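Just so you know, all these numbers are worked out from the coordinates, no wet-lab data involved. As the structure is a computational prediction, the values presented were derived from the model and not from experiment. Cβ placement follows ideal geometry from the backbone for every residue including glycine, while neighbour counts extend to all protein chains displayed.
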Amino acid sequence: MSEHAFYTKDLSVYYGEKHAVKKISMDFPDRQVVALIGPSGCGKSTFLRSLNRMNDLIPGARIEGEVWIGGENICDPGTDVVRLRQKIGMVWQRPNPFHKSIYENVAFGPRYHGIRNKKELDRIVEECLRKTALWDEVKDRLHQSGLALSGGQQQRLCIARSLAVRPSILLMDEPASALDPVSTAKIEELIAELKKEYTIVIVTHNMQQAARISDKTAFFFLGDLIEYDDTNRMFTNPSRKSTDDYISGRFG
């Protein structure tokens, strides 16, 4: 059994009066992929965003409960949120490269955190672009705009940008849903490679994708965690009828 990278305890998220995520307790194994599945509006993206306090940016949102990472409850008011988001990277549904060169997209985070040495920045940029299988595609045009890349390349650039600040955990909110099948396959290959070094939590609507890439799967419905188990078991022999109905396409 892998050690836990982090865990949540009775985690609830409210948007005003709406109880969007209801007392979720989960543990996330180190260097594994956990997929969050469930119909639209079931709370999975809200739950994901609470793991690095991104819900703080939404007016009226509040969190109750605990998220324990490295012996620290990140829901405590005194948490250094900038440092937290360095430790826990986030990749969004649509690629969102900065209006900067490919190089500057990756170097942005390290610069922000005080790295100025050009050799060190060059090393980080190359390392992160290699990790995301982009280096050979872009090494001759590092100073061209990141926006000139294809959608799939832009998404891999955004992942490289996340890796540049040396996180231990990566959160991905449907990272391939805006991409074509070839780019999606590349992102899935990349996730399989990255889990050797990172704990990854991914929200996906795509059941086949969840089955292919994740080690564990959590099924959310109406803000509740219905079932959480090893992916193979969940997809072949779920313990709850509603999980079986959702996975087999009978609702959602």
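List the pairs from LYS22/LYS216; LYS186/LYS241; LYS87/LYS139 whose alpha-carbon separation is above 23 Å, in the order I gave them. Violating the 23 Å Cα-Cα cut-off are LYS186/LYS241; LYS87/LYS139. Pairs exceeding a 22 Å alpha-carbon distance, out of LYS100/LYS195; LYS131/LYS195; LYS9/LYS195: LYS100/LYS195; LYS9/LYS195. Mean residue ellipticity at 222 nm, helices only, the chain: -10000 deg cm²/dmol; runs of at least 4 DSSP H residues each add -39,500 (n - 2.57), and the sum is divided by the number of residues. The residue list PRO29, PHE98, GLN86 was ranked by how far each Cα lies along the charge dipole of segment 1-104 toward its positive end, using unit charges on Cβ atoms, and PHE98 comes out on top. Compared with the alpha-carbon gap, the fully stretched path from LEU57 to TYR7 is longer by 15.8 nm at 0.36 nm per residue. The DSSP beta bridges internal to the chain are antiparallel in roughly 60% of cases. Taking a point 7 Å out from the Cα of ASP76 in the direction of its Cβ, the residues of segment 1-40 whose backbone N falls within less than 16 Å of it are 7, 9. Excluding same-chain neighbours fewer than eight residues apart, the lysines reachable from LYS18 by a Cα-Cα span under 18 Å are LYS44. A Förster radius of 22 Å, combined with the Cβ-Cβ distance separating ARG141 from LYS100, puts the computed FRET efficiency at roughly 0.95. A simple spin-label model places pseudo-atoms 7 Å from Cα toward Cβ; at GLU66 and ALA185 they are separated by 4.6 nm. Ranked by how many other Cβ atoms sit within 10 Å of their own Cβ, fewest first, the residues ILE37, ILE74 fall in the order ILE74, ILE37. Note that the chain shows a convex hull volume over its alpha carbon atoms of 128 Å³ per residue.
Simple point charges give the picture: +1 on the Cβ of Lys and Arg, -1 on the Cβ of Asp and Glu, and for segment 4-247 a dipole about the Cα centre of about 620 debye.
Annotation: extensible slack from ARG233 through ASN117 equals 36.9 nm (criterion: 0.36 nm per residue apart, minus Cα-Cα distance). For PHE220, PHE251, the sequence from fewest to most other C-beta atoms within 10 Å is PHE251, PHE220.
Taking a ≥ b ≥ c as the square roots of the eigenvalues of the Cα gyration tensor, segment 107-181 is oblate, since a/c reaches 1.5 or more and a/b is not larger than b/c. Against the chain, whose longest principal axis is taken from its Cα atoms, helix 118-131 shows a tilt of about 50°.
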